[in-house]
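Accompanying notes for the structure given below.
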Amino acid sequence: MSKTELTSLLNVGPPVADYLGRAEITRIDQLAGRDPAEIYETICERDQQRHDPCLLDTIMSAVDQANGNPPRPWWTYTPERKDA
């Protein structure tokens, strides 16, 4: 996996990479150790709208992968998000 290319992460295509760019995240290493909810809130604030919570699930997946965990589909994070 490239250390820089966000779209090399499972679940992160160009649209999600664009969302992450709004939070000034352009490289995988910038996701490591971050709070996915904080990233999601930053994106919502900058866009001045609430985004679909599935975006948060996708960000959770991306952060998990950046932290060295194996890739999982974004929807496997939905129960965790709902429990938070």
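Mind sorting T58, T76 by how few other Cβ atoms lie within 10 Å of their own Cβ, fewest first?
T76, T58
Calculate the dipole size of the range 6-83 relative to its Cα centre from +1 charges on Lys and Arg beta carbons and -1 charges on Asp and Glu beta carbons; express the result in debye to the nearest 20.
160 debye
Could you give the size of the charge dipole of the range 45-84 about its Cα centre, using +1 on the Cβ of each K and R and -1 on the Cβ of each D and E, expressed in debye and rounded to the nearest 20?
So the magnitude is around 40 debye.
Based only on Cα atoms, what Rg/Rh ratio does the range 6-83 have, Rh being taken as Kirkwood's radius?
Rg divided by Rh gives 0.92.
Based solely on its DSSP helices, what 222 nm [θ] is calculated for the chain when runs of n ≥ 4 H residues each add -39,500 (n - 2.57) and the sum is averaged over all residues, nearest 500 deg cm²/dmol?
That comes out to -14500 deg cm²/dmol.
Each value in this text was obtained by applying a stated rule to the coordinates, not by laboratory testing. Remember, predicted model here, so these are calculated numbers, not experimental data. Neighbour counts run over all protein chains shown; Cβ positions are idealised from the backbone, glycine included.
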